[in-house]
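Here's the structure, in structure tokens; my notes come after.
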Amino acid sequence: MAEKDRAAKAADAWRRERPDLDVQAMEIIGRLNEVSALITREHLQPGFDRFGLQGGEFDVLATLRRAGAPFTLTPTALYEATMLSSGGMTARLDRLQARDLIRRQPNPDDRRGTLVALTDAGLALINQAIGPHAENETRLMSALSAQERTHLNNLLRQLRAAL
């Protein structure tokens, strides 16, 4: 039998100490958090490191790239697509601009606004990084069958919608 993970050990301890509590949700959420942290730390960040990026920087470049030509979005659209705080987004954009991977330019549709655009260097970098990233994520999910992946995806979508 496989060794219990942290979520199972914590849930077992709570069941022993407080049998009146329903800790199944606690166990599920703990496991989701641990899996997310493990995937990021052990499997995604090393791939980003190969391209000199942090995960959030990759996310900004990928969001601009998937917007399609001319690879430009408002800071608000970037903020909403990446689920960052506005302060976190500003710091990330500053770092990417300092590396000439993005540029800020006036928004022709809003005199007071700006647009964030990929530079040629940013476009080249994300085009180089996205293939290995997608292959890595596919490899990570290969522990599950195609049917299991579909089921998990649907369950997570349902949970997200309920939240």
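What to note about this one:
- The number of residues in the range 55-75 being surrounded by fewer than 15 Cβ atoms within 10 Å (Cβ to Cβ) and touching a residue at least 40 places away in the same chain (Cβ under 8 Å) comes to 1.
- Residue check for residue 104: surrounded by 13 or more Cβ atoms within 10 Å (Cβ to Cβ), more than 19 Å from the chain's Cα centre (by Cα) and either in a helix (DSSP H, G or I) or not polar (S, T, N, Q) (or both): yes
- Flag if residue 100 is farther than 17 Å from residue 137 by Cβ and modelled with pLDDT of 95 or more: yes
- In the range 92-117, the residues that are free of Cβ contacts under 8 Å to residues at least 40 places away in the same chain and hydrophobic (A, V, I, L, M, F, W, C) reach residues that are surrounded by fewer than 15 Cβ atoms within 10 Å (Cβ to Cβ) and in a strand (DSSP E or B) with C-beta atoms within less than 9 angstrom, at least six apart or across chains, in these pairs: 93/104.
- Tallying residues that are surrounded by 17 or more Cβ atoms within 10 Å (Cβ to Cβ) and of a type in the set (Ser, Thr, Tyr) within the range 83-100 yields 0.
- Among the residues of the range 124-153, those that are closer than 18 Å to residue 31 by Cβ and part of a helix (DSSP H, G or I) comprise 140, 141, 148, 149, 151, 152, 153.
- Set side by side, the residues 38, 44, 78 differ, and just one is in contact (Cβ under 8 Å) with a residue 60 or more places away in the chain and either within 30 Å of residue 110 (Cα to Cα) or not hydroxyl-bearing (Ser, Thr, Tyr) (or both), which is 44.
- Single condition residue 20 does not satisfy, out of (1) loosely packed, with under 14 Cβ neighbours inside 10 Å; (2) at pLDDT below 95: (2)
- Inside the range 126-153, residues that are among the charged types (D, E, K, R) and surrounded by 12 or more Cβ atoms within 10 Å (Cβ to Cβ) make up a count of 2.
- Restricting attention to the range 107-123, the residues that are in a loop (DSSP other than H, G, I, E, B) and modelled with pLDDT under 95 add up to 2.
- Taking the numbered list (1) in a helix (DSSP H, G or I); (2) under 25 Å from residue 46 (Cα atoms); (3) of a type in the set (A, V, I, L, M) in turn, residue 161 passes all entries but (2).
The values are calculated or read from the model by the stated rules, or taken from the named source; none is laboratory data. For clarity, every value in this text was computed on a predicted model and none was experimentally measured. Methodologically, a virtual Cβ is constructed for each residue, glycine included, from the backbone with ideal geometry; neighbour enumeration extends over all protein chains shown.
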